[in-house]
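Have a look at the structure below before the remarks.
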Amino acid sequence: MWRKLASVVFLIDSLIIGLGAVGHGLQAPHLHAAIDRFPIEPDMHSMIYVVWYFVSGCMLAFGVTLIWVWRSVMSGDNRPIVAGAVIGVLYAGIGAFGLVYRHGDPFMAFFLVLGAVLLVSGTILVRPHELRSLTPHQAAREA
């Protein structure tokens, strides 16, 4: 039962992270409205927008990667869970940092929660006795 719940939670979290790219990208006009009125060098303006859309792309790539991780784990291959853990740590870490740096901004808590939920559900999803610990020699043989 816990594994089934963890599977659903992991998938929903993955979808939220991936779809966050759309919400992030749609906020670009608000970014323009906020910073275009300031006398910032044009190169700085354009770089901010490049990074803004890059982050949206990263969120989409993370979501797609997490769905791949979920499908792999559900089909019995637990090795990709490492990719999910890296994304979970990144989200939780940036959320915690953002909470401190932005003096308790509740929006940053959303990232912390997304990362923590991903880590917890991923841990439950992968059964410890199913984890495969491959030596480099074994991994080469299986490839």
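Coordinate-derived values only; no laboratory data. Just so it is clear, the structure is predicted and the values come from calculations on it, not from any experiment. Reconstructed Cβ throughout: ideal geometry from the backbone, glycine too, with neighbour counts over all protein chains shown.
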Hits for the chain under the membrane-span-like helix rule (DSSP H, Cα axial span at least 18 Å, Kyte-Doolittle mean at least -0.5) are 2-26, 42-74, 81-101, 106-125
Treat the count of other C-beta atoms within 10 Å as a stand-in for reagent exposure and order 94, 87 from fewest to most.
94, 87
For the pair residue 58 and residue 3, the simple spin-label estimate (label points 7 Å beyond Cα toward Cβ) gives in nm 3.4 nm
Given a Förster radius of 35 Å and the C-beta distance between residue 43 and residue 107 as r, what FRET efficiency does 1/(1 + (r/R0)^6) yield to the nearest 0.05?
0.80
